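The values are calculated or read from the model by the stated rules, or taken from the named source; none is laboratory data. Predicted model only: the values in this text are computed from it and were never measured. Cβ coordinates were reconstructed from backbone atoms using ideal geometry, including for glycine residues, and neighbour counts include every protein chain displayed.
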């Protein structure tokens, strides 16, 4: 059963029904069978059970009648509230943080992702002394630390959890250092980086696949992507870029995860252009957009937001005709907004042209004198830049060319290496 507590005077920008649907989607993301879902009005949160006495008793009857074994409460519960609800309902109870940790555990693919999830889960467990994770048993894959029959449980001892956390933090530092080296290596072949960000299930991975023809897991499922995926992509002008697909954002991201997943989004800080993919067909699209910007700022990426994000208004294929035309017209009037469908491909060409234009506007004009015999360097300039003027004499070509700052560095590096031979 999924229960969404609708607090009186809560977030007016979000519909309780949409929040409940999102929580059901989160539970479905780890293949839990949902037999009941309900938004419960909460006038005043009770310290003991969060929900009112009448609601707790009414739900207890339904849980018993339908033989429900696990209840997901879509908010943060204190350890006391969690324990009291478990006693009252005779079922395992997990809150929103616990559920998201379970999903992250099942989805993380890279070494870094795995370490970050375990670190977040241990911090969460430590705050409740010890919570056993056996309630999900073997209903889906995951990691040893999530527990299950026959698996080693984390010892019921804060000191041991603390030791493990220190060890994990050390390992994460090593992984981050390795990734920094990779990033420095990428800067030496420094194609511009374009990062896709957005609320979970906004269609980032589908757009990524459409653009790069890659096969990243793209399901209608919350948090389908957890680890950043990168591919090169050639824009219409012939300019090469690196496209980066990132983890989906979500409202009320548990604070344990904000810290743990900061590194996953470091690619965004490196990006030359950030594309904010929005599900324009979702009833809470504006609130979701605001959440993405809030989380970016929490992660120390405020400058990225202030610099201006490219907005990809995705899923226009799901809108009724009149609304679709309205969104397309609004996007045309707004700087940096593109209406598109990652599924049908409508609007993709306009997005690529906009990226080309943005990256082109950063180009600098340089004057270069090259020996006519250096055909390789001359053709390199034509391939990577926009030659605006050229004059030749008997021995040299004098070329005025517009280049990306990254390509100017590469060109100077080429020349220096050429002179070194």
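Brief remarks on what is shown
- Residues of region 331-383 that turn out to be surrounded by fewer than 15 Cβ atoms within 10 Å (Cβ to Cβ) and over 26 Å from the mean Cα position of the chain (by Cα), as a count: 18
- Selection count, region 286-317, where residues are farther than 24 Å from residue 193 by Cβ and either modelled with pLDDT under 85 or surrounded by fewer than 17 Cβ atoms within 10 Å (Cβ to Cβ) (or both): 3
- Test result for residue 19, out of contact with any helix residue (DSSP H, G or I) (no Cβ under 6 Å at 6 or more places or on another chain) and either over 26 Å from residue 283 (Cβ atoms) or not assigned by TED's automatic domain parsing to the domain that holds residue 287 (or both): yes
- All of 50, 59, 26 fail the test of being surrounded by 15 or more Cβ atoms within 10 Å (Cβ to Cβ) and at positive phi, apart from 50.
- Helices (runs of 4 or more DSSP H) within region 318-421 that include 1 or more residues under 18 Å from residue 192 (Cβ atoms) and either modelled with pLDDT of 90 or more or touching a helix residue (DSSP H, G or I) at 6+ places or on another chain (Cβ under 9 Å) (or both): 348-361, 375-384, 405-420
- Region 242-285, subset within 22 Å of residue 306 (Cβ to Cβ) and in a strand (DSSP E or B), residue modelled with the lowest pLDDT: 249
- Whichever residue in region 302-317 is in a loop (DSSP other than H, G, I, E, B) and touching a residue at least 40 places away in the same chain (Cβ under 8 Å) and, among such residues, is nearest to residue 271 (Cα to Cα): 309
- In region 208-230, the residues that are touching a strand residue (DSSP E or B) at 6+ places or on another chain (Cβ under 8 Å) and modelled with pLDDT of 85 or more: 208, 211, 212
- Residue count for region 188-207 under the criterion of being loosely packed, with under 13 Cβ neighbours inside 10 Å and either in a helix (DSSP H, G or I) or modelled with pLDDT of 85 or more (or both): the result is 1.
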